[in-house]
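Read through the structure below, which is laid out as structure tokens, and then see the notes.
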Amino acid sequence: MTEEQDLIDQSPPPSAPDPEPKSNPNANLVIHPRRVSFEHGLLPIQKLVFTDPIQTLAPVKQKLADAASNNRVGSAAVADVLQISGEHARLVLETLGSVLHSESDPLVRAKPEEVDSAGADLRDLILFLYIQSYKKLLPRTHKDSAAVADLVRSNSRRFMPSQADDEAHQLSYLQKHLANMISLLAEPVEGEGEESLVISMEAFEHLGFLVQFGDKGSDVPPLSQATPFFANSDPDMPAVPVPASQVHDWLLQNIASALESITERISGKENGPSNASDQDDTMSDACAAPNKVVPSGRGPVLIEGVSKTSLVKQASDLRGRSVKVVNCHDSVIYLLAPLRYATVHGCSDTTIVLGAVGKALRVEHCERVHVIAAAKRVCIANCRECVFFLGVNQRPLIVGDNHKLQVAPYNTYYSHLEEHMSEVGVEPTINKWDKPLALGAVDPHDSLSHPAGVADAQAESAACVDPDQFINFLIPNWFSGEEIGSTKDNPFPLPDAYMSAQQRNLINFEETRRSLREAPLEENRKKELSSALHVYFKDWLYASGNIRQLYCLQGD
């Protein structure tokens with residue numbers, strides 16, 4: 001017998017083949033950044049912007065952990081550890097709550113008066129603080145920040161990066177900082193020191209604040225179910241923690257793959273004709289055609305380029321979606337639906353009516369725009385001569401370079417409004433429209449160069465509309481769809497001064513009308529008076545912007 005035969009004879013019998021592993025239906029999903037965290041979750045508070053996040057946040061995490069109860073941190077501890085005001089600490093919690101990935105988190109479900117007691121999960125808070133170091137993308141066509149600064153400030157409507165560019169930039173940021181973020185979530189193995197870090201499935205899920213697999217609004221699987229190491233875990237048995245290095249390598253591989261795919265898509269758009277069927281980049285696709293509404297399985301519905309017309313979208317078109325209204329001019333836009341997030345960017349001379357926004361509304365780089373919205377929170381950035389008629393549960397946030405802004409109480413209704421507000425959690429009994437909170441005039445996240453010494457300058461706040469100038473905005477009944485809802489009046493109570501002014505104006509109108517009717521004028525003098533009134537009314541229509549709604553009603 002040869003030595004080789006002897007080795008074969010002594011080898012153990014072949015074992016039965018391993019059972020096939022359970023298939024993971026989420027294994028082929030592509031990783032995406034959670035754009036809302038970067039679009040609605042950044043605050044221009046200098047004390048929250050760390051030049052070296054990992055060096056700063058490691059001791060901050062320890063101090064917050066010492067002050068935490070059940071791993072949750074209230075606003076008092078946030079204010080104390082970060083050395084910020086109680087007002088800003090509450091703002092941190094409110095902002096984090098508006099962009100959290102878990103709808104079941106107590107901070108998301110908290111009523112306005114419960115925010116401080118609900119507090120934030122320590123791990124979510126640390127990731128939120130980390131991304132305050134994020135710098136937004138400059139337009140790709142202009143690489144020099146100093147040269148582009150004036151262009152962007154003077155006409156930012158033309159300089160909104162495409163969705164694909166933004167997503168690539170966010171993924172690149174995560175790629176660079178992923179190791180630090182994972183180390184802040186990981187724990188050392190008992191007895192083995194800091195060198196041996198592991199991450200539990202529960203801690204891993206908190207990375208869902210930053211990334212997700214699939215990109216269909218809230219219909220995304222739990223992050224752990226897309227992994228090879230946590231997928232199909234027995235819900236009754238805690239999953240075994242995984243080495244932090246393994247989690248890092250796996251996520252890094254997925255991010256690199258997603259970046260490669262996006263880069264190829266961007267390159268294809270630059271070097272060849274745009275593919276109109278490509279739904280992965282709704283922003284770029286919509287740029288090809290004005291007055292275009294782009295629904296998509298991915299990301300928000302985009303409404304772009306509406307000009308000198310009206311647009312009406314109902315709950316059947318938008319329910320539960322997020323919306324971006326971009327580069328619309330001289331129009332009236334009605335979005336009468338329950339929405340998650342809404343962004344209005346680069347619009348001018350337009351009236352935009354938003355149904356009920358349950359997470360956050362951001363209005364930026366707009367001029368002479370009227371925004372009418374019922375929302376949980378509102379952020380206004382870099383706007384000029386705009387008026388905001390608000391039913392808002394949190395203080396309106398005003399940031400950046402703003403001029404001649406005005407705020408007023410909510411001034412309209414449509415028949416399904418209260419139903420939509422209830423659906424997304426907007427409270428009609430709380431309206432903080434007249435308590436705007438102005439933060440920094442300079443956005444530390446914008447990558448632009450700024451003059452020395454302006455970093456601490458405060459944004460110009462908003463003035464309240466004079467009660468005598470306040471008017472209700474009429475939404476025609478036929479905009480409500482075939483089924484009429486139960487709302488028959490403005491659900492937000494008007495402040496006394498505005499209610500009194502409305503009643504006064506109504507009485508004056510009735511008296512004027514009676515006086516005109518009873519005036520002893522000859523027929524030709526009546527015609528002259530009627531002509532003069534028409535001229536003044538026309539001037540008022542143009543000066544107030546209400547001419548746009550009149551044209552809209554005639555066109556429909």
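Does H416 satisfy being touching a residue at least 40 places away in the same chain (Cβ under 8 Å), touching a Pro at 6+ places or on another chain (Cβ under 6 Å) and either of a type outside the set (A, V, I, L, M) or crowded, with 23+ Cβ neighbours inside 10 Å (or both)? Show your work before the answer.
Numbers: touching a residue at least 40 places away in the same chain (Cβ under 8 Å): yes; touching a Pro at 6+ places or on another chain (Cβ under 6 Å): no; either of a type outside the set (A, V, I, L, M) or crowded, with 23+ Cβ neighbours inside 10 Å (or both): yes.
It is false that H416 is touching a residue at least 40 places away in the same chain (Cβ under 8 Å), touching a Pro at 6+ places or on another chain (Cβ under 6 Å) and either of a type outside the set (A, V, I, L, M) or crowded, with 23+ Cβ neighbours inside 10 Å (or both).
Report every pair of residues separated by at least 6 positions or lying on different chains whose Cβ atoms are under 8 Å apart, first residue within segment 385-412 and farther than 20 Å from N490 by Cβ and part of a strand (DSSP E or B), second open to solvent by 10 Å² or more (accessible area, probe 1.4 Å) and acidic (D, E).
Every condition considered, the pairs that remain are I398/E460; V399/D443; H403/E385; H403/E460; L405/E385; L405/E460.
Quick test for you: out of N524, N472, pick the one residue that is modelled with pLDDT of 75 or more and open to solvent by 80 Å² or more (accessible area, probe 1.4 Å).
N472 is the lone residue from the list that is modelled with pLDDT of 75 or more and open to solvent by 80 Å² or more (accessible area, probe 1.4 Å).
Restricting the search to segment 107-145, which residues are touching a Lys or Arg at 6+ places or on another chain (Cβ under 8 Å), modelled with pLDDT of 95 or more and part of a helix (DSSP H, G or I)?
Hits for segment 107-145 are L122, I126.
Does segment 165-174 include one or more residues that are modelled with pLDDT under 90 and part of a helix (DSSP H, G or I)?
yes
With respect to V369, is the statement that it is at pLDDT 95 or above and surrounded by 22 or more Cβ atoms within 10 Å (Cβ to Cβ) true?
yes
So which of S531, S480 is at pLDDT below 75 and under 18 Å from A373 (Cα atoms)?
Every option except S480 fails the conditions.
Would you pick out the residues in segment 55-97 that are out of contact with any Ser or Thr (no Cβ under 9 Å at 6 or more places or on another chain), over 19 Å from L210 (Cβ atoms) and among the basic types (K, R)?
The answer is K63, R72.
Go through segment 242-338 and tell me which strands (runs of 3 or more DSSP E), entirely inside it, have 2 or more residues that are open to solvent by less than 40 Å² (accessible area, probe 1.4 Å), at pLDDT 85 or above and closer than 30 Å to E427 by Cα. Explain how you work it out, then say what you get.
Details: elements: 292-294, 301-304, 310-314, 323-326.
Hits in segment 242-338: 301-304, 310-314, 323-326.
Keeping to segment 48-71, report how many residues are open to solvent by 50 Å² or more (accessible area, probe 1.4 Å) and closer than 26 Å to E113 by Cβ.
Matching residues across segment 48-71 total 4.
The values are calculated or read from the model by the stated rules, or taken from the named source; none is laboratory data. The structure presented is a predicted model; accordingly, all values stated were derived computationally and were not measured. Reconstructed Cβ throughout: ideal geometry from the backbone, glycine too, with neighbour counts over all protein chains shown. Just so you know, the surface numbers come from the protein's heavy atoms only, side chains and all, with ligands and any DNA or RNA stripped out. Shrake-Rupley method; radii C 1.70, N 1.55, O 1.52, S 1.80 Å.
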